[in-house]
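Below is one structure, written out as structure tokens; the observations come after it.
The values are calculated or read from the model by the stated rules, or taken from the named source; none is laboratory data. Quantities reported herein were computed from a predicted structural model and do not represent experimental measurements. Please note: Cβ atoms are built from the backbone with ideal geometry, for glycine as well, and neighbour counts cover all protein chains shown. All accessible areas refer to the heavy atoms of the entire protein, side chains included, with ligands and DNA or RNA removed. Shrake-Rupley method; radii C 1.70, N 1.55, O 1.52, S 1.80 Å.
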Amino acid sequence: MHAPCALQSSRFADIAKGAPVAEGAEHRLNPAGLRIVLVLQGGGALGAYQAGVYHALHEHGLAPDWVVGTSIGAINAALLAGNRQADRLRRLRQFWDRVAHRDAVDPVRLSDDQRRANIWLSTLDTLWRGVPGFFKPRPFGLFAAGLPVAPEEASFYDTAELTATLKELVDFDYLNSPEGMRLTVNALRVRCGSLVSFDSRDGNICAEHIRASGALPPGFAPVRIDGELYWDGGLYSNTPLETVLDDRSQVDTLCFMVDLWSAEGPEPRTLEEVQTRQKDVTFASRSRRHLEDYVNTRRMQQKLRELYTALPDREKSAQGARELDALGCGSTLHVVRLPYAGRDWQMAMKDINFSKGSIEWRWDQGYRDALRAIDAAGWLRFVADDTPLVVHELPPVERVA
């Protein structure tokens, strides 16, 4: 973990003033008019990195047409989709300022060991008192004592305050209107263990859908919607990329995928390192496998179209043409992967580290990493029309410099 940079104070001041989006940037960086999608994982306090990524996209006219989120990613997604463009950064900042725990000492003034100790104290305070505007401990601890409670109360913490926060910071009428950005949030149906996607295009999304997407047990209780209980969608798949891959729109797409957990890491030697590694592996993206399946499926669809075209006219039929159309036309998906690189001293509870210094560092790192991706702009390079997928990794820092 690094200390927050000095430039942060001026950048966050610009947010408060409503810094303007760079004019004309959307034409230079997206001349082909690609649909822009932002995919946001679950990861608790690590989600400040996602806010920094959006900050850079916003400044360069790359605001998404569609945002897909799970857990904290669903909260960030709702803050984006539920506000007009001029208000999005300010609302993001208001949320993260509200949930941040003020550091007892300015982390810039501390050594690395002192900073780690300071964050431990902040994290313990979160466990003890909760996070204002987000969650708080349940009194009387019946669930913790092993006694039966109502399903909606089966957790250590109560997230009712999050409903009030979302209603204050998210304009749900705008979110569900035709002019709003498309929003999809994923949650797990408790009764049968199936993944459900709530989409603003198909019906009205409210604060309860967002809470359900982030209801990770046993910390948070399931949320009941239309008679069904839902848990955090990350229990099924923490990276909602499949939602984008399953989309049948078949339009050329530029997808920014933010990874908060690392599938790769050092061999653990202590209990803390084992717990950290376990959490990373559990919630890390499985995107590589999903992308390979996507490419194989698209290539098979292309072959089917080629074979059908080669058939004699007498062998073709209206039914066959309709079935071929249902497979979709050829389109290209660009995936820009933005991985959070903060190791957080191998702390297993890094996702509940709401220290203000840590949140500001993550925001700034997300901003800087997104700038690297925008500077490279790999999606502007020529690709053949029959290319189904191009994955863009972050270029080395030295190359950008």
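Odds and ends about this structure:
- For the range 35-392, with +1 on Lys and Arg beta carbons and -1 on Asp and Glu, the positive-most of G69, A341, Q94 along the dipole: A341
- In Å, descending, principal axis extents of the Cα set of the range 62-206: 49, 45, 24
- Simple spin-label estimate for E264 and D313 in nanometres, 7 Å along Cα-Cβ: 5.5
- The helix-only estimate of mean residue ellipticity at 222 nm for the chain, built from DSSP H runs of length n ≥ 4 each weighted as -39500 (n - 2.57), is -12500 deg cm²/dmol after division by the residue total.
- Of the peptides 226-239, 126-139, the ranking by mean beta-carbon count within 10 Å, highest at the top, reads 226-239, 126-139.
- Of R201, R98, the residue with the largest accessible area leads and the full order is R201, R98 (1.4 Å probe).
- Our note on the geometry: Cα centres of the range 96-149 and the range 332-401, 27 Å apart.
- Between the Cα long axis of helix 356-376 and the first principal axis of the chain there is an angle of about 20°, rounded to the nearest 10.
- Helix 48-59 axis versus longest C-alpha principal axis of the chain: approximately 50°, rounded to the nearest ten.
- Here the range 334-395 exposes an accessible surface that is 51 percent carbon and sulfur, computed with a 1.4 Å probe and the other protein chains kept in place.
- Local electrostatic count, G42, Cβ distance below 10 Å [Lys/Arg +1, Asp/Glu -1]: -2
- Restricting the calculation to Cα atoms, the chain shows an Rg/Rh of 0.99 when the hydrodynamic-style radius is the Kirkwood one.
- For the peptides 263-274, 350-361, 365-376, the ranking by packing is 350-361, 365-376, 263-274, with the highest mean count of neighbouring Cβ atoms within 10 Å listed first.
- Antiparallel %, DSSP beta bridges [both residues in the chain], to 5: 35
- Ratio of Rg to Rh over the range 47-129 (Cα coordinates, Kirkwood Rh, two decimals): 1.07
- Added length on full extension, which subtracts the Cα-Cα distance from 0.36 nm per residue, Q250 to A377: 43.5 nm
- Average accessible area per residue (Å²) across the range 35-392 - probe 1.4 Å, nucleic acids and ligands excluded: 45
- Summing charges over neighbours of P132, with a neighbour being any other residue whose Cβ is under 10 Å away from its Cβ, gives +2 when K and R count +1 and D and E count -1.
- Three-way shape call for the range 110-171 based on the alpha-carbon gyration tensor, with the a/c threshold at 1.5: oblate
- The chain: angle of helix 287-310 to the longest principal axis, Cα-based, in degrees nearest 10: 10
- Sorting 41-47, 72-78, 114-120 by average packing, meaning the other beta carbons within 10 Å per residue, from highest down gives 72-78, 41-47, 114-120.
- Total lysine pairs under 22 Å (Cα atoms) in the chain, excluding pairs fewer than 8 apart on one chain: 6
- For the range 119-150, the residues whose amide N sits under 12 Å from a probe point set 7 Å from the Cα of V105 along the beta carbon direction are 119.
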